[in-house]
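Each remark here refers to the structure printed beneath this line.
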Amino acid sequence: MTNNKSTTLDLYNFYAQCNLGMHINYYNEHRRLVHNEIVWINKKLQDSNTDQKDLIELEIKKQTYESSYHDYMIINCYLMMYAHFEECLAVAFRLFPKGEYVTNGAGLNRFNEAFLNKYSIRITEAPSWPFLNDCSQLRNVLLHAAGNITLVRDKKKIDTIISRHSNLVRLSSSRINLEGQILNEFSKALSEFVEWVGSKIEMQQNSLKKDEGKQSG
């Protein structure tokens with residue numbers, strides 16, 4: 001049983017890290033494709049044989065690729081990574097001895113309460129938790145208000161988060177835009193969190209093994 005649990009824990013860590021890498025690769029591949037398209041557009045813009053009407057359309061297309069598409073790409077990848085974060089929490093809860101599914105509550109609070117009530121573990125004590133919690137707040141604005149901070153209930157809290165991560169988040173016409181670097185920071189924080197949770201799982205498994213040894217002895 002213990003060997004099976006250890007194998008499951010190894011698979012959990014591998015799966016979590018592998019998916020993080022896939023998300024970053026997804027972003028980089030899209031950046032490459034967009035860059036290639038912009039290079040092609042620039043060549044057409046410099047081509048003296050290009051029709052005047054086509055030049056206007058190409059210029060508009062170039063601006064769209066360089067601005068809107070790039071911002072959308074970062075946000076889409078960010079939301080996918082956040083979904084992976086919540087999945088990691090749910091799977092980790094199941095990996096503990098006598099684990100079950102977290103069904104009550106909403107957002108990150110349901111995991112805070114579940115881990116604390118069931119296993120007396122405060123996942124908020126993980127070193128990377130403050131940053132991940134800020135990421136959760138930003139995700140809510142992006143998902144439920146299309147990034148428009150004028151539509152959120154607690155605008156002051158969001159303003160504070162944006163100021164705290166001004167190198168990763170910026171505002172444009174009251175709308176949240178993310179810098180590409182936030183994906184790397186999010187990936188790093190999530191990776192550290194997965195390792196932290198994994199260590200807690202291992203401690204629980206070792207404790208259970210000792211208890212089983214005492215009972216059998």
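The values are calculated or read from the model by the stated rules, or taken from the named source; none is laboratory data. Since the structure is predicted, the reported quantities are computational estimates derived from the model, not experimental observations. Glycine gets a Cβ as well: all are built from the backbone with ideal geometry, and neighbour counts include every protein chain shown.
Descriptive notes on the structure:
- Restricting attention to region 94-147, the residues being assigned to a helix (DSSP H, G or I), aliphatic (A, V, I, L, M) and at pLDDT 85 or above number 7.
- Count of region 148-168 residues which are assigned to a loop (DSSP other than H, G, I, E, B), of a type outside the set (D, E, K, R) and exposed (fewer than 13 other Cβ atoms within 10 Å of the Cβ): 2
- Taking the criterion of being part of a loop (DSSP other than H, G, I, E, B) and either among the small types (Gly, Ala, Ser) or touching a Leu at 6+ places or on another chain (Cβ under 6 Å) (or both), the only residue of region 39-74 that qualifies is Ser48.
- Scan of region 142-151 for residues that are touching a helix residue (DSSP H, G or I) at 6+ places or on another chain (Cβ under 7 Å) and either of a type in the set (Ser, Thr, Tyr) or over 17 Å from Asn109 (Cβ atoms) (or both), ordered by number: Leu142, Ala145, Gly147, Ile149, Leu151
- Which numbered condition Leu171 fails, given (1) outside any helix (DSSP H, G or I); (2) loosely packed, with under 13 Cβ neighbours inside 10 Å; (3) modelled with pLDDT of 80 or more; (4) within 22 Å of the chain's Cα centre (by Cα): (2)
- Single residue of region 46-98 satisfying the filter (more than 24 Å from Asn140 (Cβ to Cβ) and among the β-branched types (Val, Ile, Thr)) that is farthest from the chain's Cα centre (by Cα): Thr50
- Across region 2-20, the qualifying residues are those that are over 26 Å from Met80 (Cα atoms) and in contact with a Leu (Cβ under 9 Å, 6 or more places away or on another chain), and the one among them that is modelled with the highest pLDDT is Lys5.
- Note on region 176-198: among residues that are assigned to a helix (DSSP H, G or I) and of a type in the set (D, E, K, R), the one that is modelled with the lowest pLDDT is Glu195.
- Pairs linking a residue in region 173-186 that is at negative phi and among the basic types (Lys, Arg) to a residue that is modelled with pLDDT of 95 or more and assigned to a strand (DSSP E or B), with Cβ atoms under 6 Å and 6 or more positions apart or on different chains, are Arg175/Asn148.
- Taken as a whole, the condition of being in contact with a helix residue (DSSP H, G or I) (Cβ under 8 Å, 6 or more places away or on another chain), modelled with pLDDT of 90 or more and in a helix (DSSP H, G or I) applies to Cys77.
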